[in-house]
Amino acid sequence: MIIIGEKINGTIAKVGKAIVEKDEEYIRELAVRQAKAGADYIDVCAGTSPEIEVEVLKWLIKIVQNAVDKPLCIDSPNPNSIAAVIGETNKPGILNSVSLEGNKCEVIYPLLQNTKWQVIGLTCDDNGIPSNVQTRIDIARQIVEKADKYGISPDRIHIDPLVIALATDNSSLINFVNTMQEIKKMHPDLKVTSGLSNISFGMPMRRRVNQSFLSIAMFMGMDSAIMDPCDKKIMATYYITQALLGKDKFCRNLSVAYRRGSI
Ligand code: THG
């Protein structure tokens, strides 16, 4: 499973402060720590006001690329910001994200043409996040159909079914699992991704809830997750689940991670 490290995000109070104070060392360390902990991609999200977002993203991208070799996951609600910074990168990564909102696909998809960039597609549209499985699947299908017009194949698309809090919708996990299975029926090469923390909003023992969610989601075929690779407990869940699923020969990765003290 692909791990997208989520820690360089200006909506996190300390990161927001580092951005304001232009604290390069703090950002660099977050990049290095996540790469060492096993992140395959480093998410960069400015989380600032729109006027300075492009400038902040460029600053973050430069620091991360100087610190680690990992590809980036460029995270912005504004497709024009993503378009404005993609040229700053030194290798293809993931664009986070498109959806059927506004002109997102029309701005982002041309950037992927004739490249190895991948994209996350959120299952929402101008009506917001659908509450039922069928609308999510319909949106995913349209995201994939639009991509095809630009020559972007399903194996480059991670669908994020936008898990909602279990505390507000008792069927949230079940809906996620059903959506994931329908998406894979639609096209076996499509990837399914998710953040881990949305499921547990408003619940006690949030971290433990996130761990159980990860385990079940991996069992049901989730391909990538936006998560904190520096959280030893969530990483222990990740390694243990990979081993339980027969994806870690002789439990070697689990043993190495344990001996290194990274779980
Ligand atoms: N899907 C996609 N992209 C995403 C998300 C998603 N990008 C943003 C987000 N969700 C994933 N990134 C984070 C980054 C940090 C935290 C959670 C998700 C985090 N939050 C602390 C918490 O919830 O307790 C608060 C930190 C603070 O404010 O100090 O650490 O779902 N495609």
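Return P(r) of the stretch 137-263 (all Cα-Cα pairs; 10 Å bins starting at 0; whole %; ordered from short to long distances). Final binned percentages: 12, 38, 32, 16, 2. Each residue, LYS22 and SER171, gets one label point 7 Å from its Cα in the Cβ direction; the gap between the two is 5.3 nm. For the pair GLN134 and GLN113 in one chain, pulling the backbone fully straight at 0.36 nm per residue adds 4.7 nm over the alpha carbon distance. Please list, ordered by chain and number, the residues whose modelled amide H lies under 5 Å from the amide H of ALA46; skip anything fewer than 5 residues away on the same chain. Here the answer is GLY10, since their amide H atoms fall under 5 Å of that of ALA46.
Roughly speaking, to the nearest percent, how much of the chain's 1.4 Å accessible area is carbon and sulfur? Don't skip to the answer; put the middle values down first.
Details: 6420 of 12580 Å².
After summing per-atom areas, the C and S share lands at 51 percent.
Here's the list of aspartates and glutamates a cross-link from LYS247 could span, going by alpha-carbon distance under 15 Å and ignoring same-chain residues fewer than 8 apart: ASP223. Dividing the helix sum by the residues of the chain, where each DSSP H run of 4 or more adds -39500 (n - 2.57), gives a mean residue ellipticity at 222 nm of -15000 deg cm²/dmol. In the chain, Cα pairs under 8 Å separated by at least six residues give a relative contact order of 16 percent.
Round to a whole angstrom and tell me the spacing of the C-alpha centers of the stretch 48-80 and the stretch 106-149. Each part's Cα centre sits 22 Å from the other's.
Which percentage, to the nearest 5, of the DSSP beta bridges contained in the chain is antiparallel? Write down the numbers at each step before the final one.
Working: 1 of 29 bridges.
Antiparallel: roughly 5 percent of the beta bridges in the chain.
Here the gap between LYS249 and LYS233, fully extended at 0.36 nm per residue and compared with their Cα-Cα distance, gives a gain of 3.6 nm.
With 28 Å as the limit, the listed pairs LYS36/LYS146; LYS62/LYS184; LYS14/LYS36; LYS116/LYS249; LYS36/LYS185; LYS36/LYS62 have LYS36/LYS146; LYS62/LYS184; LYS116/LYS249; LYS36/LYS185 beyond it between alpha carbons.
The values are calculated or read from the model by the stated rules, or taken from the named source; none is laboratory data. What you see is a predicted model; the values in this text were computed from it and never measured. A quick note on method: Cβ atoms are made from the backbone with ideal geometry, for glycine too, and the neighbour counts reach across all protein chains shown. Each accessible area value is taken on the protein alone, full model and side chains, heavy atoms only, with ligands, DNA and RNA left out. Shrake-Rupley method; radii C 1.70, N 1.55, O 1.52, S 1.80 Å.
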